[in-house]
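To start, the structure under review is shown below, and the notes come after it.
The values are calculated or read from the model by the stated rules, or taken from the named source; none is laboratory data. All values derive from a computational prediction rather than experimental measurement. Virtual Cβ from ideal backbone geometry, glycine too; neighbours counted across all protein chains shown.
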Amino acid sequence: MTRIALVGCGAIGTSMLELLQADKAMEIKAIVVPADAFAATRAVAERLAPGAQVLSSVPVEGIDLVVEAAGHAAIEAHVLPALQRGTPCIVASVGALSAAGFAEKLEAAAVAGGTQVQLIAGAIGAIDALAAARIGGLDEVRYIGRKPPRAWKGTPAEQGRDLEALTQATVIFEGSAREAATLYPKNANVAASVSLAGLGLDRTLVRLIADPAVADNVHVVEAQGAFGSFELTMRNKPLAANPKTSALTVYSAVRALRNRIAPLAI
Ligand SMILES: NC(=O)C1=CN([C@@H]2O[C@H](COP(=O)(O)OP(=O)(O)OC[C@H]3O[C@@H](n4cnc5c(N)ncnc54)[C@H](OP(=O)(O)O)[C@@H]3O)[C@@H](O)[C@H]2O)C=CC1
Ligand SMILES: O=C([O-])CC(=O)C(=O)O
């Protein structure tokens, strides 16, 4: 039995718990959330993971694997210490690695604990192709993220514009993946994933668009290099509980967990 600590119990975490009820080889032992979310999280746990304790930090003993679906700050607070203790971690908030020196810090914690941190592909695809293409050499990688205006609420996209009033597609950001992931921590984790798999946070070109004509979260990756080239378009359904987040992120996290224990992993 693999004993799991889930960090975060919002849109992704709750949907993961729903799916993981079917997995008999895994047990959710702990759900880690801020103290002000205890009551709501206990109600979710009662329904979907009755054996889980709701806590404000990952237990030091009795956890085989940590899975994070909480946000950038949770990596420093919960993933780093778990790695240092030797517990492997699966991370959804990949954009946290855009902070200067943070990827190195994460790696050092994993080395100190003799374990590994796995960054999930989340809402984007072709991370495998991109990471393989990097070995032969990449010349250019572009990422374009297009979401409905409501998905950009509470972000810098609101500065100087009324998102509700947009009548046409509007570029809200153009720059590096590092800047995108820093400025849009709940919307541009995939920009960080694409860049970490490919040309790096500073050389990956990112454009973010608020588009009233789309209902899905549309992600495009274009890459060129020694391997040839590819263009990928994902049209992801957002989660009802959080329009910023694509449902595919949940499936990607569940896949990562299942692959940890599957005799044949794909
Ligand atoms: N790689 C990818 O493709 C994607 C990655 N993500 C990442 O996943 C994160 C979660 O997404 P989503 O579930 O939609 O967001 P939600 O806002 O719906 O849920 C976040 C949950 O995490 C909790 N939380 C916040 N901060 C902490 C912390 N420091 N420690 C423990 N728990 C914490 C929240 O508690 P409370 O309610 O009290 O704040 C809430 O339960 C995003 O912030 C983003 O970083 C999201 C989409 C795609
Ligand atoms: O879920 C998505 O479509 C992408 C997302 O929010 C992110 O990359 O942070």
Need pairs with beta-carbon distance below 6 Å; first residue on the phi < 0 side of the Ramachandran plot and within segment 134-152, second surrounded by 14 or more Cβ atoms within 10 Å (Cβ to Cβ) and among the aromatic types (Phe, Trp, Tyr); sequence gap 6+ or separate chains.
GLY136/PHE227
From VAL60, VAL54, VAL111, which residue is modelled with pLDDT of 95 or more and crowded, with 21+ Cβ neighbours inside 10 Å?
VAL54
Among residues belonging to segment 116-173 that are away from ligand 1 (no atom under 13 Å from the Cβ) and among the aromatic types (Phe, Trp, Tyr), point out the one that is farthest from LEU65 (Cα to Cα).
PHE173
Looking only at segment 100-129, count how many residues are small (Gly, Ala, Ser), touching a helix residue (DSSP H, G or I) at 6+ places or on another chain (Cβ under 7 Å) and within 28 Å of ARG142 (Cα to Cα).
4
Every residue from segment 1-46 that is in a helix (DSSP H, G or I) and polar (S, T, N, Q):
THR14, SER15, THR41
In segment 80-95, how many residues are touching a Leu at 6+ places or on another chain (Cβ under 7 Å) and under 23 Å from SER246 (Cβ atoms)?
4
In segment 175-197, is there at least one residue being farther than 15 Å from GLY95 by Cα and not small (Gly, Ala, Ser)?
no
Any chance segment 84-92 includes a residue that's within 16 Å of ligand 2 (Cβ to nearest atom) and touching a Ser or Thr at 6+ places or on another chain (Cβ under 9 Å)?
yes
Looking at ILE172 and the list (1) β-branched (Val, Ile, Thr); (2) over 22 Å from ALA92 (Cα atoms); (3) surrounded by fewer than 18 Cβ atoms within 10 Å (Cβ to Cβ), which single condition is not satisfied?
(3)
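Answer yes or no: is there a residue in segment 36-43 that is surrounded by 22 or more Cβ atoms within 10 Å (Cβ to Cβ) and within 16 Å of ligand 2 (Cβ to nearest atom). If you could, list the steps in order and put the result at the bottom.
Start the filter on segment 36-43 by keeping residues that are surrounded by 22 or more Cβ atoms within 10 Å (Cβ to Cβ), which leaves 41.
Now restrict to residues that are within 16 Å of ligand 2 (Cβ to nearest atom): none.
No; the residues of segment 36-43 include none that is surrounded by 22 or more Cβ atoms within 10 Å (Cβ to Cβ) and within 16 Å of ligand 2 (Cβ to nearest atom).
Taking the condition of being in a loop (DSSP other than H, G, I, E, B) and of a type in the set (A, V, I, L, M, F, W, C), how many residues in segment 47-87 meet it?
In the first step, residues of segment 47-87 are kept if they are in a loop (DSSP other than H, G, I, E, B); the result is 49-52, 56-64, 69-71, 85-87.
The next check asks that each one be of a type in the set (A, V, I, L, M, F, W, C); those that pass are 49, 52, 58, 60, 63, 69-70.
Summing the residues that are in a loop (DSSP other than H, G, I, E, B) and of a type in the set (A, V, I, L, M, F, W, C) in segment 47-87 gives 7.
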